[in-house]
1. Are any residues in the stretch 309-325 surrounded by fewer than 22 Cβ atoms within 10 Å (Cβ to Cβ) and either without any contact (Cβ under 8 Å) to a residue 12 or more places away in the chain or aliphatic (A, V, I, L, M) (or both), and if so, which ones?
2. Take the stretch 182-213 and flag every residue that is over 24 Å from Trp80 (Cβ atoms) and of a type in the set (A, V, I, L, M).
3. Among the residues that make up the stretch 210-226, is at least one of them touching a Leu at 6+ places or on another chain (Cβ under 8 Å) and closer than 20 Å to Val91 by Cβ?
4. Among the residues of the stretch 35-53, is any open to solvent by less than 40 Å² (accessible area, probe 1.4 Å), β-branched (Val, Ile, Thr), within 30 Å of Pro278 (Cβ to Cβ) and modelled with pLDDT of 75 or more?
5. Report, by residue number, each residue of the stretch 460-497 that is assigned to a strand (DSSP E or B) and open to solvent by 50 Å² or more (accessible area, probe 1.4 Å).
6. Among the residues of the stretch 391-402, what is the count of those that are open to solvent by 80 Å² or more (accessible area, probe 1.4 Å) and within 43 Å of the chain's Cα centre (by Cα)?
7. Within the stretch 106-139, can you find the residues that are surrounded by fewer than 14 Cβ atoms within 10 Å (Cβ to Cβ) and in contact (Cβ under 8 Å) with a residue 24 or more places away in the chain?
8. What tally of residues in the stretch 347-390 results from selecting those that are touching a residue at least 12 places away in the same chain (Cβ under 8 Å), open to solvent by less than 70 Å² (accessible area, probe 1.4 Å) and assigned to a helix (DSSP H, G or I)?
Amino acid sequence: MLMMNLQDHVAVARVLGAGVEAAPGVERSEAPTIDRAGTSLYAARVKVYPKQAHGTFRTVKWVIMAVTLSIYYLVPWIRWDRGPYLPNQAVLIDFPSRRFFFFFLEIWPQEFYYITGLLVLAALALFLVTTIAGRMWCGYTCPQTVWTDLMIAVERFFQGDRNARMRLDKAPWAFETLSRKGATHITWLLIAIATGGAWVFYFADAPTLARQFANFDAPMLAYVFVGLFTATTYLLGGIAREQVCIYMCPWPRIQGGMIDHDSLLISYRGWRGEPRGPHKAGQSWEGHGDCIDCRQCVAVCPTGIDIRNGSQLECIQCALCIDACAEIMDKVGRPRGLIAYDTIRNLEHTGPEILPVQWLRPRVILYATLMAIVGVIMLTALLLRPELEVSVLHDRNPMYVKLSDGGLRNGYTVKLLNKLYEPRSFKLGLQGLSGATLSVVGHEHETDPVITVAPDELQSVRVYVALDKTDFSSQDAATTEFHFTVADTGNGTLAEHAANFQGPER
């Protein structure tokens, strides 16, 4: 069905002839659209040749591409001084030490809830942006969009704009064809290698790993992941392109539930454009829509759709069709805005009157409120995060040991996590267990043992707590709750952790 439609479209193009003008000075593009599929469960890919667009939104996309790619490639090389005991890479996912460094933040495995909170914030921000302006994320900052834009720019540099690329694809294999296409694919591979290499730099010290790559003695796992990301970047950004957005990405199927009648979406204003058709010089616009059916909006679309057919799953809201249409409107002397960001409410309200956008809507308020709540919770947890964490694990077998003098002894593993970037010394104590004595393995001959913990490290110590027969007999039950106290000898900081002293049932 799709191929029949395309054949019909090509036949029409032949009848119109090459170089047909939709208006004086405006050539009519015969870019096929991908949204003419029938009922077939499978349709062969219609290759999309996006034409170079010029205008405000294309400039914005160039700027966003430059900023996002610069962040991605350069961040691993930023240094951040954390002292002599910690890595000085600003952003580092340190799997061997099981920690995540982000500038002044350091996240331990037991603090993964911070990552969860960031993911929740990112999801809510995506919902909020979608409610306000549709798939703006997809059109401007999605990695697939950014790298696809970069790959298309490379292709355009070596092979020319849309018509030149189409001619090159139809031309027989010759030196020019091979050289242009070869240069394109080699550059794509170099970009893909740089992408994979930049990604692994987030997991190890970037300068060190770069030297290892240069000397061919980097860890094998690094080569594996560089190869994996090289292959995926080359395939998804250079080859698959719009197929990822149309078939692989789940977001187009989800985002429909986020928008409402006041969401700003890239739309064709049919009340102004219809009836469409070519326009001749000197011809009156009376009874004629502003759309001259030049199909330039289709030619520049990276997914190959016709925005005039309404909102479609394939549209990534990149706004390039707005730039293309604005350029044509300037040429034919009509006002811009035939294709523009508009709301469903405005499109249903036929007529030139533009209804104001209702920014404060229930969905917008809901998502913004949830973001504020999650942000406050995370900020509070961060500000109240302790510099020392204590955990206590009671021995399970045996639960207690009966001593020769009739007393009882319990064994514990006490873990001390020093979150500061300097060594710290601690004294252990007991609170709430009258008559108990405490001994630390390795410090048995010290009357007041001091435990030193290295900077930013976790240290485990074995501790025994003993009660003589008389003191245990005075307890009300077989299990007595008490607290371990951990005092910093330097600044006096005190931390506590609850524990139980076990004995025989009475």
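1. Result: Leu313, single match.
2. Correct list: Ala183, Ile186, Leu189, Leu190, Ile191, Ala192, Ile193.
3. If we filter the stretch 210-226 for residues that are touching a Leu at 6+ places or on another chain (Cβ under 8 Å), which is where we start, we get 218, 222.
Next, from what is left, pick out any that are closer than 20 Å to Val91 by Cβ: 218, 222.
Yes, there is a match, as at least one residue in the stretch 210-226 is touching a Leu at 6+ places or on another chain (Cβ under 8 Å) and closer than 20 Å to Val91 by Cβ.
4. Taking every residue of the stretch 35-53 in turn, at least one turns out to be open to solvent by less than 40 Å² (accessible area, probe 1.4 Å), β-branched (Val, Ile, Thr), within 30 Å of Pro278 (Cβ to Cβ) and modelled with pLDDT of 75 or more.
5. The first filter runs over the stretch 460-497 and keeps only residues assigned to a strand (DSSP E or B), leaving 460-467, 479-488, 494-497.
Ser460, Arg462, Tyr464, Thr479, Glu481, His483, Leu494, Glu496, His497 - these are the residues of the stretch 460-497 that are assigned to a strand (DSSP E or B) and open to solvent by 50 Å² or more (accessible area, probe 1.4 Å).
6. 1
7. Here is the first cut: in the stretch 106-139, the residues surrounded by fewer than 14 Cβ atoms within 10 Å (Cβ to Cβ) are 109-110, 112-113, 115-116, 119, 122.
Gln110, Tyr113 - these are the residues of the stretch 106-139 that are surrounded by fewer than 14 Cβ atoms within 10 Å (Cβ to Cβ) and in contact (Cβ under 8 Å) with a residue 24 or more places away in the chain.
8. Of the residues in that region, 11 qualify.
The values are calculated or read from the model by the stated rules, or taken from the named source; none is laboratory data. As the structure is a prediction and not an experimental result, all values here were calculated from the model. Note: ideal-geometry Cβ built from the backbone for every residue, glycine included; neighbour counts use all protein chains shown. Ligands, DNA and RNA are excluded from the accessible area calculation, which covers all protein heavy atoms including side chains. Shrake-Rupley method; radii C 1.70, N 1.55, O 1.52, S 1.80 Å.
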